[in-house]
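Worksheet: one structure, shown below.
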Amino acid sequence: MMTRRRRDPFSLWEKVADAVGRMREPWQSHRRASRTNPHPNPSPVGEGNCAPLHLRHVLTARGKLLFLLPLLALLAGHALAVEPDEVMKNPALEARARALSEQLRCLVCQNESVDDSEAPLARDIRLLIRERIREGESNDQVRAYLVSRYGDFILLKPPFQADTWLLWLSPALILGLGLAAALYARRGTPRSTPALTAEEEARLAALTGDRASAGSPLPLGEGQG
Amino acid sequence: MIVEIGHFALVLALAAAFAQTVVPFWGARVGDDGLMAVGRNAALIQFALIAIAFAALVNAHLASDFSVLNVAENSNSAMPAIYKIAGVWGNHEGSMLLWVLILAIFGALVALFGRGLPRMLRADALAVQGLISLAFLAFILLTSNPFERLIPAPFEGRDLNPILQDPGLAIHPPLLYLGYVGFSIVFSFAAAALIEGRIDAAWARFVRPFTLVAWSFLTIGIAAGSFWAYYTLGWGGFWFWDPVENASLMPWLAGTAFLHSVAVMEKRDALKVWTIFLAILAFSFSLLGTFLVRSGVLTSVHAFANDPRRGVFILAILAMFICGSFALFAWRAPMLKQGGLFAPVSREGALVVNNLLLTTACATVLFGTLYPLALEQLTGQKITVGAPFFNLTAGALLLTACFAAPFGFSLAWKRGDLLGVAQRLTLALIAGAATAAIGAAWLGGRSVFAPLAMGLGVFVIIGTAIEVVMRAWRPGLALGAALSRALGLPLSFYGGALAHLGVGVTLLGLSGLGFGAETIATLHKGAPVEVGPYSVTLNSIEQRVGSNYTEAIAPMTVRSGGVAVAEIAPARRQFASREMTTTEAGLKTLQFGQVYVAIADPAADGTVPARLYWKPLVTLIWLGAAAMALGGALSLADRRLRFGAAVRAKAGARQLAQPAQ
């Protein structure tokens, strides 16, 4: 159970199917249905069930919800994310479980956390988390177990490691680049406009003198642009 | 027959788009006024033709003509008329048709109101607009034809996806597309300016109204989508950093940055190159979003292969416009003359900071969205970049931008006085810090974000208000004089102030997340369940039959301290045509917060599992967005920004502009 499967194009799916296979009877139908479709995500350009989903994909966040629908159809009766019967009696432990499951990705949905997902697999993971917490494991141990089983894919927050440091540092790098570009663009431009020459001063004095004598001071509110 | 007319009109529109692309562009090169004027007529004709095509498709949906494949797959005769219409854009083909319709509307607006523009600029801009139209019309006709027939016609349609059967579908996509596609005008004008190698304040003045229109619609469109998600999903989430949402957020961020930098260009003739760059960027993100979503690369790498024709076609369009425009930019931008010097601490400097933060946030969102895709292609490693990443990175950048907003809003042009501004904002700073401290103490460290957002929200609101007051009133000024000064301030100033207030209000709404309550329980009839300051009692469970669904509905009473304050009725809807179920949350707005109840399928023993939430201040999230969009509209109403004002203003520029600066 702890061993990771060989990597192939559908490795994730293998894991999902494996997990689903361990579930209780009613979900067998889901497994069968899924086997015929080798990828857990609906294809927004494909034919069939997913065709009407395009708009949602371009427009809103609920792409993830759409994938749940076929599951829901097969599983009438399971319709909430965290369900009353899952909740642990100890509120401190339950809070830990919730906090953990909020940081995990539902493996069959596009971008929903295990905490928010209505998918049976997400429920299974939520129950698993609670079971492990009840057995006294720390948050890190539970997380490590899930990562060993499902890979980094299950973590909504990617770990900082060799293949993600670029991702994590990207905002700082981009901001730094932008700053450098802004400073570079300023280079060469004069710090301020050069001081007026004596001739210009004289002309200005003449002009402003005229204006003052004409009795038209700048009205209030001017100069604010 | 009507369907064939629509199809034919679409083909003719393609021809019109071709004429609009080639003729005015050629005319501008050889300096022929007659050829340049063709662009105007072609744009109007193209709009009329696409409108006919769109009307034909709407008609087919309304009439439930199942001999049209698009109707048979996405409609059903039992659906209410509003969903039959909304269903037109509730699918790939129809939504692409809406896309080009809105593109044509904007083209027609330029044709109608661009009379005051320099002829060459208008001709080139219309030519670029025509090219975009040409590409997408070809895409529709070659790979996604909504008028395809299905013979023999089925007796009944497959029905629209139940989650889409919601008023949200009628509102959200058109608004969002008006924003998305509205940036095409900005793009076309940027490209035209680059082709000409000339850009000035008049350009900015003409482009700004279109930017405001596009930005306001995009803002309200995203907010509408977020609200739709909120009440449909059943747990009250409203933003998920989903790739699809990110696709709409990126043009918004780039567009917001553009809106700010184009103001600098209009007022101070500075930041020209950067403004052009942002103009290209904003629409490039719109195109990128279209590609990401339409091709399906984001949902799944494998989905891309399912229909390579569509994906590759959009990729080609994307490459053509983005690479083409950036190549043009690299070639021509160095020729643009820079004007308007400014000190680092000034309104301009603050807007540069704003632009830096917004574009970095935008780039971070892009990076985070595409990184897993690239990583999987390169190493085979699958990772998830989810909400926690975006909250920590883009979220932090945006909060910083919010903090900077009142400072920038209060700084003077050219050379500002940061210390003076900080003094003016002292009250706001203190109020914000105090709010954050109280919030943090209240929560006892449970959330860092909530008190921070609340403090920031208060700071932004008060800081903006201070600036509005200070513009009109200085100590010692009589009230009447202050009022008349306030009335004399330009509308665009009030628009900006309102938009900034909206940002503060949205921050307050977001901070409410940390103060909410959640109860997960099995509800029994007559037994109250506590959620936050309220108690909710299940009254009964009823079965009802709707137009094309059946639903289990659970009326409940919300009480506060024993007094009934609201009746809500969450429901589960069963759609037979697709064997799908949707959750209809029971919602009640109390003050600015909401009581939110979602139920699961009722059990046989008359109980129902439910999730109950108290979400304080949550409505402020969308009210703030509405204020931002309204701010955009208010700026749009400013006399100086009316369509076509560019040239009149230019004529009088010598007299008017100089004292105003």
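The values are calculated or read from the model by the stated rules, or taken from the named source; none is laboratory data. Everything numeric here is computed off the predicted structure, so don't read it as measured data. Here Cβ is always computed from backbone atoms with ideal geometry, including for glycine, and neighbour counts include all displayed protein chains.
Every condition in (1) surrounded by 19 or more Cβ atoms within 10 Å (Cβ to Cβ); (2) at the interface with another protein chain (Cβ under 10 Å from one of its Cβ atoms); (3) more than 22 Å from the chain's Cα centre (by Cα) is met by B:R332 except one, and the failing one is (2).
When B:A627, B:A649 are checked against the criterion of being at pLDDT below 90 and more than 24 Å from A:P84 (Cβ to Cβ), B:A649 stands alone in meeting it.
Of all the listed residues (B:G455, B:G502), the sole one being closer than 26 Å to B:W215 by Cα and either within 14 Å of another protein chain (Cβ to nearest Cβ) or surrounded by 13 or more Cβ atoms within 10 Å (Cβ to Cβ) (or both) is B:G502. Determine if segment B:573-592 includes at least one residue that is closer than 22 Å to A:E86 by Cβ and among the hydrophobic types (A, V, I, L, M, F, W, C). Within segment B:573-592, one or more residues are closer than 22 Å to A:E86 by Cβ and among the hydrophobic types (A, V, I, L, M, F, W, C). Among the residues of segment B:498-518, those identified as among the small types (G, A, S) and touching a helix residue (DSSP H, G or I) at 6+ places or on another chain (Cβ under 6 Å) are B:A499, B:G502, B:G504, B:G509, B:S511, B:G514. Close contacts from segment B:67-96, counting a first residue that is more than 12 Å from B:N161 (Cα to Cα) and surrounded by fewer than 24 Cβ atoms within 10 Å (Cβ to Cβ) and a second that is modelled with pLDDT of 90 or more and small (G, A, S), with Cβ to Cβ under 8 Å and a gap of 6+ residues or different chains, come to B:S77/B:S64.
Looking at B:A104, B:A138, which is the one that is in contact (Cβ under 8 Å) with a residue 24 or more places away in the chain, out of contact with any Gly (no Cβ under 9 Å at 6 or more places or on another chain), among the small types (G, A, S) and closer than 26 Å to B:P209 by Cβ?
Details: B:A138 fails: closer than 26 Å to B:P209 by Cβ.
Only one candidate qualifies: B:A104.
Has segment B:533-554 got any residue that is within 24 Å of B:N161 (Cα to Cα), touching a Pro at 6+ places or on another chain (Cβ under 6 Å) and of a type in the set (A, V, I, L, M, F, W, C)? Yes; the residues of segment B:533-554 include at least one that is within 24 Å of B:N161 (Cα to Cα), touching a Pro at 6+ places or on another chain (Cβ under 6 Å) and of a type in the set (A, V, I, L, M, F, W, C).
Counting only residues that are facing chain A (nearest Cβ under 7 Å), more than 24 Å from the chain's Cα centre (by Cα) and part of a helix (DSSP H, G or I), segment B:362-412 holds 2 of them.
Residues in segment B:49-64 that are small (G, A, S) and surrounded by fewer than 18 Cβ atoms within 10 Å (Cβ to Cβ): B:A51, B:A55, B:A63, B:S64. Among the residues of segment B:308-324, those identified as touching a Phe, Trp or Tyr at 6+ places or on another chain (Cβ under 7 Å) and in contact (Cβ under 8 Å) with a residue 24 or more places away in the chain are B:F313, B:I314, B:L315, B:I317, B:L318.
Of the set (1) at the interface with chain A (Cβ under 8 Å from one of its Cβ atoms); (2) within 21 Å of B:T256 (Cβ to Cβ); (3) in contact (Cβ under 8 Å) with a residue 12 or more places away in the chain, all apply to B:L341 but (2). Strands (runs of 3 or more DSSP E) fully within segment B:540-638 that include at least 1 residues being crowded, with 17+ Cβ neighbours inside 10 Å: B:550-553, B:556-560, B:563-568, B:571-575, B:580-584, B:586-590, B:593-599, B:608-615.
If you go through segment B:467-516 and keep only what is under 31 Å from the mean Cα position of the chain (by Cα), over 30 Å from B:W614 (Cα atoms) and either in contact (Cβ under 8 Å) with a residue 60 or more places away in the chain or not in a helix (DSSP H, G or I) (or both), you end up with B:E467, B:L489, B:P490, B:L491, B:S492, B:Y494, B:G495, B:G496, B:A497.
Okay, residues lined up against (1) β-branched (V, I, T); (2) at pLDDT below 95; (3) in a helix (DSSP H, G or I); (4) under 26 Å from B:A214 (Cβ atoms):
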{"residue": "B:A13", "(1), (2), (3), (4)": "no, no, yes, yes"}
{"residue": "B:L49", "(1), (2), (3), (4)": "no, no, yes, yes"}
{"residue": "B:A56", "(1), (2), (3), (4)": "no, no, yes, no"}
{"residue": "B:V71", "(1), (2), (3), (4)": "yes, yes, yes, no"}
{"residue": "B:M79", "(1), (2), (3), (4)": "no, yes, no, no"}
{"residue": "B:I85", "(1), (2), (3), (4)": "yes, yes, yes, yes"}
